[in-house]
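Here it is: the structure, laid out below.
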Amino acid sequence: MSDNKEEQSFNILPHPAKTNNPSDLNSEPAAHGGLQSAGANAYTAKGPHVPSADIANSLEQPKSREELKAEAEKLNK
């Protein structure tokens with residue numbers, strides 16, 4: 001053990017922000033994500049997914065209003 005009993009000292013560093021906009025701290029917003037990233041751009045989105053005919057035919061038919069109402073009543077008892 002050393003006989004050096006110096007007290008620890010801490011310094012306060014200035015914050016790098018110049019404005020209140022948090023995106024100013026990012027050098028390249030597209031690389032880090034966030035609201036200004038290229039991934040959130042609506043114009044780069046793909047079109048809607050259209051399933052093939054065999055997948056569409058294998059799905060069950062939606063229930064009618066009467067069937068849904070009867071099932072809701074059964075669940076709410």
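The values are calculated or read from the model by the stated rules, or taken from the named source; none is laboratory data. Just so we're clear, the structure is a prediction, and the values are computed from it rather than from any experiment. No Cβ is skipped: glycine too gets one built from the backbone with ideal geometry, and neighbour counts run over all protein chains shown.
Mind checking whether some residue in segment 8-25 is surrounded by 10 or more Cβ atoms within 10 Å (Cβ to Cβ), at pLDDT 75 or above and out of contact with any Lys or Arg (no Cβ under 6 Å at 6 or more places or on another chain)?
no
Taking the residues in segment 54-77 that are basic (Lys, Arg) and exposed (fewer than 10 other Cβ atoms within 10 Å of the Cβ) as candidates, determine which candidate is modelled with the lowest pLDDT.
Among those that are basic (Lys, Arg) and exposed (fewer than 10 other Cβ atoms within 10 Å of the Cβ), it is LYS77.
Residue check: is PRO51 at pLDDT 85 or above and on the phi < 0 side of the Ramachandran plot?
Answer is yes for this residue.
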